[in-house]
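In what follows, a single structure is set out as structure tokens and then discussed.
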Amino acid sequence: MANSRGPHTIEADVLSAGGRAVTAEEAAEDVDVVILSIPLNRLPQVTPLIADVPADTVVIDTSNYYPARDSRIEAIDAGQVESLWVAEQLGRPIAKAWNAVGSHSFAAKGRPAGSPDRIVIPVAADRDWDRRVAMALVEDTGFDAFDTGTLADSWRQQPGAPCYCTDLTHEEMPGALAAAVAERLPRRRDLAVAAIQERVGDATTNPDAEYGVRLNRVLFM
């Protein structure tokens, strides 16, 4: 486990599942999988850390593009799929996973395999190995993994899409993916941000967890 501030700043509760605090450089050495969970606009900064990672190491990106937070990225605003932009910045294939689940749902709603209310998480990748590993890890975290296809298709799990942070089941996911309309996503994303800011009064505080799910279901589905 690494962050930009150094291993001494990583709290003990973050490591309670067995993690070990290391530097960012150490986190990318001799590993089978690298999971990147940082703001999307900072991903180019980790490119030097990823440059020497072996080609068969799976790199999983969990980020999303929010212009109010990330500053404007012209290519994405012009229609480039977020995951393709990330792969381009990193200079290597990636998998996209865990981006379409809220932090509270991820922390509190994991269920054993086979549970009728188990939430599904979309996973996209271009390489079969990346996809298989990412889906297996999603299952390990207590959620059903759903193969959404290639990175070019991963716009269907971007903010504003019907499957984005709406806590769907495996049975609900296909319909949500099919209902996505690319041109509508940015406006719906920004409407959700505006509604949350109006409710909580600032741009940094999260609303209560279930409010976020309910809001996304109303706006995105």
Percent of beta bridges antiparallel (DSSP, the chain, rounded to nearest 5): 20
Percent relative contact order of the chain, based on C-alpha pairs within less than 8 angstrom and at least six residues apart? 15
Treating only the Cα positions of region 100-221 as identical point scatterers, give the base-10 log of I(q)/I(0) from the Debye formula at each q in 0.17, 0.18, 0.20, 0.23 Å⁻¹. -0.87, -0.96, -1.13, -1.35
Could you please state, rounded to a whole Å, how far the C-alpha centre of region 149-171 is from the C-alpha centre of region 5-34? 28
For helix 128-140, what angle does its Cα long axis make with the longest principal axis of the chain, in degrees from 0 to 90 and rounded to 10? 70
Can you tell me how much longer the chain between Val22 and Arg5 gets when fully stretched, taken as 0.36 nm per residue apart minus their C-alpha distance, in nm with one decimal? 5.1 nm
Counting heavy atoms of the protein chains only and a 1.4 Å probe, report the per residue accessible area for the chain as a whole number of Å². 52
Whole-Hz ³J(HN,Hα) from phi, Karplus 6.51 cos²θ - 1.76 cosθ + 1.60, for region 157-172, glycine and proline x: 10, 7, x, x, 7, x, 8, 7, 6, 10, 6, 8, 8, 4, 6, 7
Which sequence of Arg214, Arg92 reflects their accessible areas, 1.4 Å probe, from the largest down? Arg214, Arg92
For Ser71, the accessible surface traced by a 1.4 Å probe with all protein chains present amounts, in square angstrom to the nearest 10, to 70
Neighbour cut-off at most 11 other Cβ (10 Å), DSSP loop, trypsin sites (Lys or Arg not before Pro), region 1-52: Arg5, Arg20
Just one of [x] 15.7, 47; [y] 17.0, 46; [z] 21.8, 68 is Rg and Dmax of the Cα atoms in Å as worked out from the coordinates here. Which one is it? [y]
Using a 1.4 Å probe and ignoring any ligands, DNA or RNA, find the accessible area of Ile35 and quote it in Å² to the nearest 10. 80
Accessible surface, 1.4 Å probe, highest first, among residues Lys96, Lys109: Lys109, Lys96
On the full set of protein chains, 1.4 Å probe, figure out the accessible area of Glu171 and give it in Å² to the nearest 10. 150
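The values are calculated or read from the model by the stated rules, or taken from the named source; none is laboratory data. Being a predicted model, the structure only gives us computed values, none of them experimental. Ideal geometry is used to build each Cβ from the backbone, glycine not excepted, and the neighbour counts take in all protein chains shown. All accessible areas refer to the heavy atoms of the entire protein, side chains included, with ligands and DNA or RNA removed. Shrake-Rupley method; radii C 1.70, N 1.55, O 1.52, S 1.80 Å.
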